[in-house]
Amino acid sequence: MKTLRFKPVFYSYLFIAFLLWSCSEDSGTTTDPPPEPPYQPTLLSAEVTDLFVTDGNPDADTVWIYEQGGPSASLSQQDLQAFPNYSDQLNVYIHQVLTYNNNLHSADLSLENAQAETEVNTEILDRVISHFTAMDKRVVVIGHSYGAYVTTKYLADKGSAAADLFVIMAGRLDIEATTYEGLIDGTFYHYPDFTTPTVHPSMQPENNGHVVELLLLGAIAEPHYTQRLNDVDLSNVVYVYAQDDTAVGRMTQAELNFLITKGVEIVTIENGGHTVMFEAPHNQTIYALMAE
């Protein structure tokens, strides 16, 4: 078995994916910054291989497709190393709109634009799943944090039939309106008591890139997914959450009841927070479910 190398630095919190960069000082007179460039929609390459990078065994029968946390401008390529037997399967690190199109960070983005970009996330995932199922691979989709939302939205839009298994970690189905409305308006909320959305005392956007990240988060978190998933077969879904998650809050009983009625395998972790599923022994529990 491969030695586990847990590196928390590689794991993005769903609502803490942005870095709050300090403003540079100008020794001369200050001037207003130039206006942000107009929004240009993300256009995907016709080559599906431009939408991901891989690591592991290219000849493996099983493919893990990873939707990372964020949204971030850089593509994570190490998170899955936290799971046992990393090199046994083909590990696919899939692009999201912000990793694929860094220009969004400096764009003048509206809510409607952000909603359109979340559709691009769905298109990327759909194309990548189709690429590997056409190769007769067993496909497991793993979404963490922001990636949990991307995966959940994919299920709501496309259903669950295309992949063999979906593993959703550290997400929510019906997050509180205070949180997604705040994100859309440029305010970052967290859950210090695990249940109540609260304005974060320090981590607030300081530039246009941070505002864009919050807007993308708010756009994908806004839908009530218990409604959107009501008619979707979720019997091939595993849902993992921590009771003490300060980033997205604790799953409500209504959310859990919905998952139970849909036949979802639920993994509840008492302590450890937003990224605890990458740590032993929980990573081993999740791996066992993915390897079935």
*Given the protein chains as shown and a 1.4 Å probe, how many square angstrom of His274 are accessible, to the nearest 10?*
0 Å²
*Please give the solvent-accessible surface of Ile266 in Å², to the nearest 10, using a probe radius of 1.4 Å with every protein chain present.*
50 Å²
*Return one number: the angle in degrees, 0 to 90 and rounded to the nearest 10, between the long axis of the Cα atoms of helix 208-221 and the longest principal axis of the Cα atoms of the chain.*
40 degrees
*What aspartates and glutamates could a cross-link reach from Lys158, if we take a straight Cα to Cα line under 14 Å and drop same-chain neighbours fewer than 8 places away?*
Glu119, Glu123, Asp126, Asp231, Asp233
_How high is the relative contact order of the chain? Use alpha-carbon pairs under 8 Å, at least six apart in sequence, and give a whole percent._
20 percent
*Among Ser72, Ser110, Ser202: highest mean-square fluctuation, GNM of the chain, C-alpha pairs under 10 Å*: Ser202
*Rounded Å value of the spacing that divides the Cα centres of the stretch 235-292 and the stretch 103-118*: 30 Å
*What whole-number value in Å² describes the accessible area per residue of the chain for a 1.4 Å probe?*
43 Å²
*³J(HN,Hα) across the stretch 236-251 via Karplus (A = 6.51, B = -1.76, C = 1.60, θ = phi - 60°), whole Hz, x for Gly/Pro?*
9, 10, 10, 10, 10, 8, 10, 5, 10, 7, 7, 7, 10, x, 7, 4
*Given the protein chains as shown and a 1.4 Å probe, how many square angstrom of Met135 are accessible, to the nearest 10?*
100 Å²
_Under 10 Å, Cα contacts only: if you run a Gaussian network model on the chain, which one of Leu217, Leu155, Leu43 comes out with the highest mean-square fluctuation?_
Leu43
*With a point put 7 Å past each Cα toward its Cβ, work out how far Asp193 is from Glu123 in nm, to one decimal.*
4.4 nm
*Helix 146-158: angle to the longest alpha-carbon principal axis of the chain, degrees 0 to 90, nearest 10?*
70 degrees
*With all protein chains present and a 1.4 Å probe, how do Ser106, Ser76 order by accessible area, largest first?*
Ser106, Ser76
*Can you give the FRET efficiency for Ser130 and Glu181, using 1/(1 + (r/R0)^6), R0 = 25 Å, r = Cβ-Cβ distance, to the nearest 0.05?*
0.10
_Residue order for Val53, Val232 - accessible surface, 1.4 angstrom probe, largest first_ = Val53, Val232
*Against the longest principal axis of the chain, how steep is helix 111-133, in degrees 0 to 90 to the nearest 10, with axes from Cα atoms?*
30 degrees
*Please identify the GluC sites (Glu not before Pro) of the stretch 188-259 that satisfy two criteria: DSSP loop assignment and at most 16 other Cβ atoms within 10 Å. Which are they?*
Glu206
*Give me the number: length gained by fully extending Leu44 to Lys262, i.e. 0.36 nm times residue separation minus the C-alpha to C-alpha distance, one decimal in nm.*
75.1 nm
*Round to the nearest 0.05 the FRET efficiency obtained for His224 and Leu111 when R0 = 22 Å and r is the Cβ-Cβ distance.*
0.85
_For the pair Asp231/Lys158, report the inter-label distance in nm, with labels modelled 7 Å from Cα in the Cβ direction._
2.0 nm
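The values are calculated or read from the model by the stated rules, or taken from the named source; none is laboratory data. Computed from a prediction, not measured in an experiment: that's the story for all the values here. Methodologically, a virtual Cβ is constructed for each residue, glycine included, from the backbone with ideal geometry; neighbour enumeration extends over all protein chains shown. Remember, those area values only see protein heavy atoms, side chains included, never the ligands or the DNA or RNA. Shrake-Rupley method; radii C 1.70, N 1.55, O 1.52, S 1.80 Å.
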